[in-house]
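Single-structure report; data block below.
Each reported figure results from applying straightforward, stated rules to the coordinates on display, with no laboratory input. Everything numeric in this text was worked out from a predicted model, so none of it was measured. FYI the Cβ positions are ideal-geometry reconstructions off the backbone, even for glycines, and counts take in every protein chain you see.
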Amino acid sequence: MTADSTQALSPALSRSRALRDTLGQFATGVTVVTTRDADGQPVGMTVNSFNSVSLEPPLVLWSIDKHALSYNAFTANEHFAVHVLKADQQHISNLFAGRGTDKFGQIHWHSGPAQLPLLDDCAAHFHCRRMQCIDGGDHTILLGEVLEFTASGGEPLVFHRGRYRALAGD
Ligand SMILES: Cc1cc2nc3c(=O)[nH]c(=O)nc-3n(C[C@H](O)[C@H](O)[C@H](O)COP(=O)(O)O)c2cc1C
């Protein structure tokens with residue numbers, strides 16, 4: 001963001017937007033994280049804050065916006081599943097980035113261990129048990145132990161500077 005384009009914004013807002021833009025320089029994969037809410041309904045959201053933490057013990061993390069509609073479900077249910085999306089699954093990323101929409105009526109999924117909703121087709125998936133919820137400002141960091149995982153491979157979906165990208169060739 002240039003100085004010109006931020007002139008009309010308050011200094012705090014302009015700094016926050018500049019920070020978001022700068023963080024966007026960091027390319028990530030795209031995941032969909034799922035669980036079930038207290039009524040047993042499947043919930044899920046698109047997440048690119050997913051990352052590995054430790055191999056021994058096997059730990060991963062991601063962070064959830066405290067205003068997300070599925071916040072209560074993810075901080076109450078002990079289990080969650082992380083699905084790594086493939087390059088041709090932008091539509092699934094967009095679907096799960098929506099709010100208040102029927103996300104599971106439009107895709108193929110099944111119930112896995114701990115009744116977790118598992119997407120039928122993805123590059124990899126991890127079944128995790130939540131170990132800790134750590135306060136992280138306007139987000140909460142969920143630290144999970146990996147209980148099971150599968151990888152089917154394929155080109156990953158990449159997110160960079162607010163856009164989906166293709167991986168550059170080898
Ligand atoms: C590529 C991408 C990555 C995202 N990563 C996160 C994330 O790491 N944490 C988060 O809370 N929201 C993230 N979001 C936004 C959520 O997917 C979005 O707010 C969604 O509506 C939340 O669903 P819910 O309100 O039904 O819980 C991301 C969105 C996109 C498109």
Under a GNM of the chain (C-alpha, springs under 10 Å), which listed residue has the highest mean-square fluctuation: THR22, THR75, THR31?
THR22
So who's got an amide H within less than 5 Å of the one on MET131, skipping anything under 5 residues away but keeping other chains? H placed 1.01 Å off N, in plane.
LEU143, GLY144, GLU145
What are the semi-axes of the equivalent ellipsoid of the chain, taken as the square roots of 5 times the eigenvalues of the Cα gyration tensor, listed largest first and rounded to whole Å?
28, 20, 16
Stretched out fully, how many nm does the piece from LYS66 to HIS110 gain, at 0.36 nm a residue minus the Cα gap?
13.1 nm
Tell me the relative contact order for the stretch 28-161 as a rounded percent, counting alpha carbon contacts under 8 Å between residues six or more apart.
31 percent
Specify the residue with the greatest mean-square fluctuation among SER111, SER54, SER14, computed from a Gaussian network of the chain linking alpha-carbon atoms under 10 Å apart.
SER14
Under a Gaussian network model of the chain whose springs join Cα atoms within less than 10 Å, the largest fluctuation of PHE104, PHE26, PHE96 belongs to PHE26
Between the stretch 68-130 and the stretch 5-62, what is the separation of their alpha carbon centroids in Å?
15 Å
Rough spin-label spacing in nm, given labels placed 7 Å along Cα→Cβ, for ASN94 and ASP120
2.1 nm
Gained length - GLN25 relative to ASN51, 0.36 nm times residue gap less alpha-carbon distance:
7.7 nm
Work out the FRET efficiency for ALA168 and ILE134 from their Cβ-Cβ distance, taking R0 = 25 Å, and round it to the nearest 0.05.
0.15
Positive minus negative residues near LEU85 (Lys, Arg vs Asp, Glu; Cβ under 12 Å):
-2
